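Single-structure report; data block below.
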Amino acid sequence: MIKIFTTLKDFQDYRKNIGNAKVGIVPTMGNLHEGHLSLLKCSLDENDVSVITIFVNPKQFGPNEDFNTYPRTLDQDIAKISNIAFTAKSETVVFAPTSIEDIYPSGFNTTISVKGVTSKLEGAFRPTHFDGVTTVVYRLFSIVKPQNAYFGQKDFQQCVVIKKMIEDLDLGINFIRMPIIRNSEGLALSSRNQYLSEKERVDALILSRTLKQIEHLLLQKDDYRSYIHECLSDKNWDYLDVLDASDLSEPNEKSHELVVIGTYRMGSTRLLDNRVVSIL
Ligand code: AMP
């Protein structure tokens with residue numbers, strides 16, 4: 001079963017009706033690919049109702065970023081969701097508000113801002129990005145009232161930030177981090193991959209290959225720091241680092257999970273990827 005709501009009012013009426021049902025949320029900006037759909041499939045297995053939200057959130061784009069040109073493909077997205085909903089045993093709901101005012105009514109003047117963990121990596125390159133993300137996700141949580149929330153490891157720092165927001169504000173929502181879905185060559189799927197030319201798509205493999213090599217060195221207890229240092233002579237890296245996966249701090253003797261994380265620029269497209277490594 002699939003239900004589609006394009007206004008806040010209609011969604012809220014529906015939400016009242018389902019009362020205590022177990023609800024999962026999958027927040028997205030649309031232009032769906034197998035990465036997004038893997039989150040939805042997991043939510044459908046674990047909840048009575050799964051709400052996939054589709055909203056290109058202006059607040060998380062910087063002034064010179066691609067808000068206006070971000071691919072908006074609602075009809076195709078709904079077709080993809082319908083294919084999955086068709087065989088699912090639980091209910092699928094698409095909440096795709098067409099009006100920005102449904103999410104940010106006129107006079108909206110609140111920002112949710114997680115400090116600390118947002119200041120490095122992506123935050124250093126996109127200073128207003130995470131405030132936009134936490135504000136919209138909080139707003140969507142308050143509309144959808146989910147028990148479970150599904151996010152992709154692809155945006156690793158986003159996972160750390162949202163988890164922290166849920167903990168700090170005691171929202172009582174389970175945070176579920178889902179694995180990265182890649183194409184057959186190893187490139188992490190992303191809506192922005194379509195900005196790449198054929199050649200750039202091949203060149204982009206440097207990102208996943210480098211992270212894999214660093215993971216290898218890490219597991220061999222080899223000197224991965226010098227390797228990273230060498231890599232960074234290629235100025236297309238915005239950053240490349242190994243950090244404690246729990247809070248993105250520098251690894252220390254107590255760290256048991258590390259993240260190898262990098263962003264590589266291909267023309268004007270920034271490609272994100274990471275690998276989580278358990279260490280003994
Ligand atoms: P977006 O529409 O780009 O904001 O992404 C919506 C959700 O899908 C986020 O939680 C992303 O981390 C997740 N996502 C995007 N790409 C992938 C991928 N390749 N594998 C798994 N999850 C992904």
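Being within 21 Å of residue 237 (Cβ to Cβ), of a type outside the set (Val, Ile, Thr) and out of contact with any Lys or Arg (no Cβ under 6 Å at 6 or more places or on another chain) is true of residue 192.
Note on region 122-197: enclosed helices (runs of 4 or more DSSP H) holding 1 or more residues that are within 15 Å of the ligand (Cβ to nearest atom), more than 21 Å from residue 209 (Cα to Cα) and within 14 Å of the chain's Cα centre (by Cα) are 129-144, 156-168.
Under the condition of being open to solvent by 50 Å² or more (accessible area, probe 1.4 Å) and touching a residue at least 40 places away in the same chain (Cβ under 8 Å), the residues counted in region 247-280 number 5.
When region 214-237 is filtered for residues that are part of a helix (DSSP H, G or I), more than 23 Å from residue 156 (Cα to Cα) and either open to solvent by 90 Å² or more (accessible area, probe 1.4 Å) or touching a residue at least 12 places away in the same chain (Cβ under 8 Å) (or both), only 230 remains. Looking at 240, 211, just one residue is of a type in the set (A, V, I, L, M, F, W, C), away from the ligand (no atom under 16 Å from the Cβ) and surrounded by 16 or more Cβ atoms within 10 Å (Cβ to Cβ), and that residue is 240.
Taking the condition charged (D, E, K, R) and more than 26 Å from residue 242 (Cβ to Cβ), does residue 199 pass? When the stated conditions are applied, residue 199 passes them. Residue pairs whose Cβ atoms lie under 6 Å apart, separated by 6 or more positions or on different chains, with the first residue in region 63-92 and more than 18 Å from residue 26 (Cα to Cα) and the second modelled with pLDDT of 95 or more and of a type in the set (A, V, I, L, M), are 70/56.
The values are calculated or read from the model by the stated rules, or taken from the named source; none is laboratory data. Please read these numbers as outputs of a predicted model, since none were measured by experiment. All Cβ positions, glycine included, derive from the backbone under ideal geometry; neighbour counts span all protein chains shown. Heavy atoms of the whole protein, side chains included, go into the accessibility calculation; ligands, DNA and RNA do not. Shrake-Rupley method; radii C 1.70, N 1.55, O 1.52, S 1.80 Å.
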